[in-house]
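> Could you have a look at this structure, given as structure tokens, before my questions?
The values are calculated or read from the model by the stated rules, or taken from the named source; none is laboratory data. Every value quoted in this text rests on a predicted model; they were computed, and no experiment measured them. Every residue, glycine among them, receives a Cβ derived from its backbone with ideal geometry; neighbour counts consider all protein chains shown.
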Amino acid sequence: MTRVFSGIQPTGEVHLGNYLGALRHWAEAQHENESIYCVVDLHAVTVRQDPDELRAKTLATMATLLAVGLDPDSCTLFVQSHVHEHPELAWLLECTVSFGELRRMTQFKDKSSRGGSDGVEGVSAGLFTYPALMAADILLYDTDLVPVGDDQRQHLELTRDVAERFNHRYGDTFVIPEAAIPRVGARVMDLQRPTDKMSKSTDSDAGVVMLTDDPATITRKFRRAVTDSEPEVRYDPENKPGVSNLLAILAASTSGDPATLAGEFEGYGALKAATAEAVVAVLEPVQRRRAELLEEEGYLLDVMSKGAAKASEIAADVLRRAHDAMGFVVVH
Ligand code: TRP
């Protein structure tokens, strides 16, 4: 069976793009693959976090994973800091990857340049070594496939390079993973700026539908969605990005086809209303389940602890293999 691994940041809230583009597919694929999903709290602290918020967001992220339909009996769901092999292998990989390789990572360049020209002075060393920890996450599970967004492609390439280098230096140790990046058409775009991917990091939330938005908010965001001045409803992402995004969201929410759906609408008003309605319907059961789970902290902790035990079993073996290969004295 193909082993799938992915990590999700404990930012607490997930948007419609995360749900339609990733989480829903994770839930669908959990019976075909051996899937492992990790809430990456150690990655979260590469930038400063409020402790109470981090705790709450980690629990909320686990609740979200369960609410979208991931079943802890079919897949492994765990929190990164519960499996100490992650930072341990990250150290070995930090000593395998070069300073120059890490410096070239665009995510690091973006995040560290926000503080001005001397931005790198103030950022944490963890932000710099972030990709080595991510490589450890993946390599610890003999992962075949890593579903990630396009923004993580470079980190995946680095993971492959580091794994190949390690294998070449120390003998076959790691499985070389492949990225599974969604098709461009499968991406959900911002409702206000339909040429950009829907993302929490945009300054305005008017174009971002959150998993936790209530029906009135969802309806309002779709009503205000940017379209174009031509009256025709047509699926043409290149020339009509706003309208095509609505059609793609409607299609994803109703298992339809965007081009076919286009023929069913006379004007943009009706398309927006139908899309909002479909999204409300798709999110409603997820929201209800998530709210219930947030009230059951004991259950969430139990899922986390069982998940960590399952994950550790695999991770401990792979770490031992890596230690042994590098020449550490392995005593048991
Ligand atoms: N860096 C990823 C992101 O920001 C999260 C992540 C951490 C991840 N470890 C991973 C994704 C391992 C895939 C595999 O989205």
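Yes or no, residue by residue, for (1) assigned by TED's automatic domain parsing to the domain that holds THR96; (2) within 15 Å of the chain's Cα centre (by Cα); (3) free of Cβ contacts under 8 Å to residues at least 12 places away in the same chain:
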| site | (1), (2), (3) |
| --- | --- |
| LEU127 | yes, no, no |
| PRO147 | yes, yes, no |
| THR159 | yes, no, no |
| ALA163 | yes, no, no |
| PRO194 | no, no, no |
| MET198 | no, yes, no |
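> I need the full set of residues from segment 227-272 which are aliphatic (A, V, I, L, M) and loosely packed, with under 15 Cβ neighbours inside 10 Å, in order please.
The answer is ALA259, ALA270.
> Just to confirm my filter: which helices (runs of 4 or more DSSP H) fall fully inside segment 111-175 and include at least 1 residues that are out of contact with any Gly (no Cβ under 8 Å at 6 or more places or on another chain) and more than 29 Å from MET326 (Cα to Cα)?
Counting at least 1 such residues, we get 119-122.
> Something else: So VAL123 passes all but one of these: (1) at pLDDT below 95; (2) surrounded by 15 or more Cβ atoms within 10 Å (Cβ to Cβ); (3) within 14 Å of the ligand (Cβ to nearest atom). Which condition number does it fail?
If we test VAL123 against (1) at pLDDT below 95; (2) surrounded by 15 or more Cβ atoms within 10 Å (Cβ to Cβ); (3) within 14 Å of the ligand (Cβ to nearest atom), just (3) comes out false.
> Considering ALA67, ALA90, which residue is within 15 Å of HIS43 (Cα to Cα) and either of a type outside the set (D, E, K, R) or buried (at least 19 other Cβ atoms within 10 Å of the Cβ) (or both)?
Unique residue meeting the criteria: ALA90.
Here's the yes/no breakdown for (1) more than 9 Å from the ligand (Cβ to nearest atom); (2) more than 23 Å from HIS25 (Cβ to Cβ):
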residue	(1), (2)
MET105	yes, yes
ASP142	yes, no
HIS155	no, no
ASP161	yes, yes
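> Would you confirm whether or not segment 152-173 contains a residue that is within 30 Å of ARG224 (Cβ to Cβ), modelled with pLDDT under 95, surrounded by fewer than 16 Cβ atoms within 10 Å (Cβ to Cβ) and of a type outside the set (Val, Ile, Thr)?
no
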